[in-house]
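Asker: Structure incoming, see below.
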Amino acid sequence: MRLFAAVLPPPEGLTELGHVVDRLHRLPGADGLRWTSRPGWHLTLAFMGEVDEELLPELRVRLARAAHRTPPFPLRLHGGGHFGRRALWTGVAGDLDELRLLAERADAAARRSGVPMEEHRRYQAHLTLGRARGEGVDLHPFLDGLGGFEGIRWQAEELALVRSSLPVSGVRGEQPRYETVGAWPLEGSGAQSG
Ligand code: 2AM
């Protein structure tokens, strides 16, 4: 199954972001983006791709350990950003060091469980809001619309393992379905350890 590790913002944070994205939908050019489905909004920590079922027990144990070592930490959704002309996202502020460390631990947990992980890119925390349907989509109006966005502050308290099922229908705009298949509380004491 196709899996990734993530932090899931709380419903209040997502509702608030939803109001901002509603406004983006009304901007000219909004049809040029495939907007991500709201129930699936997440902050990816580590993307694993297809994972062999037989690796799951060990993966779960190792993700639990990663969560156990990480203390809860504050985050908020913040502003906007983009990857080239392809992806529009909202960013994150707060304890980004702890978030990055959790991402590294989730990546290491997967790797040590035997999941062939891609080479490390610099971790850029983001929540994808839309992807360009084609070339030449101007993301500036949407970035402007996200510019002043400051979400509520919340406490990241859980590491989630999410299953992504890709659409098979071929219907235009259909989104992957996301299902949380595991969640472990962050229960570190705050002293950083590997
Ligand atoms: P994205 O939002 O920037 O596309 C599920 O697909 C999640 O894993 C998405 O948040 C996606 O990030 C992230 N992801 C990271 N690397 C990926 C890859 N190679 N293929 C698909 N998704 C990837």
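Asker: Given the -39500 (n - 2.57) contribution per DSSP H run of 4+ residues, what per-residue ellipticity at 222 nm results for the chain, rounded to the nearest 500 deg cm²/dmol?
Answerer: -8500 deg cm²/dmol
Asker: Angle between the Cα long axis of helix 11-25 and the longest principal axis of the chain, 0 to 90 degrees, nearest 10?
Answerer: 30 degrees
Asker: Sticking with this one: Defining a contact as two alpha carbons under 8 Å apart and six or more residues distant in sequence, what relative contact order in percent does the chain show?
Answerer: 34 percent
Asker: Let me ask another. Please compute the Kirkwood hydrodynamic radius over region 55-112, one decimal place, Å, based on all pairs of different Cα atoms.
Answerer: Averaging 1/r across every pair of different Cα atoms and inverting gives 13.1 Å.
Asker: Which of Arg105, Arg163, Arg38 moves most in a GNM of the chain, Cα contacts under 10 Å?
Answerer: Arg38
Asker: What is the helix-to-structure angle for 56-69, meaning the angle in degrees between its Cα long axis and the longest Cα principal axis of the chain, kept from 0 to 90 and rounded to the nearest 10?
Answerer: 90 degrees
Asker: Still on this structure: How large is the direction-averaged shadow of the alpha-carbon convex hull of region 43-84, in nm²?
Answerer: Working: hull surface 19.2 nm².
Average of the hull's projected areas for region 43-84 equals 4.8 nm².
Asker: If one computes P(r) from the Cα atoms of the chain, what percent of pairs lie at distances over 26 Å?
Answerer: Working: 6311 of 18721 pairs.
Within the chain, distances greater than 26 Å cover 34 percent of Cα pairs.
Asker: Which translational diffusion coefficient, to the nearest whole µm²/s, is obtained for region 106-194 from the Stokes-Einstein equation, given a Kirkwood hydrodynamic radius over C-alpha pairs, 4 °C and 1.567 mPa s?
Answerer: Calculated translational D: 74 µm²/s.
Asker: Mind pulling the angle between the C-alpha long axis of helix 96-112 and the longest principal axis of the chain? Nearest 10 degrees, somewhere in 0 to 90.
Answerer: 60 degrees
Asker: Next up: Highest GNM mean-square fluctuation, the chain, Cα pairs closer than 10 Å: which of Leu55, Leu24, Leu159?
Answerer: Of the options given, Leu55 has the highest mean-square fluctuation.
Asker: Still on this structure, I have one more. For the chain, the longest stretch holding no GluC sites (Glu not before Pro) located in a DSSP loop with at most 14 other Cβ atoms within 10 Å is which? Please report the intermediate quantities before stating the final value.
Answerer: On the way: sites that count: Glu118, Glu119, Glu135, Glu174, Glu187.
After excluding every exposed loop site, the longest remaining stretch is 1-117.
Asker: Mind checking Rg over Rh on region 80-140, alpha carbons, Kirkwood formula for Rh?
Answerer: Expressed as Rg/Rh, it is 1.07.
We did not get these values from a lab; they are worked out from the coordinates using the rules stated. These figures come from a predicted structure and were not determined experimentally. Glycine also receives a Cβ, built like all others from the backbone with ideal geometry; neighbour counts cover every protein chain displayed.
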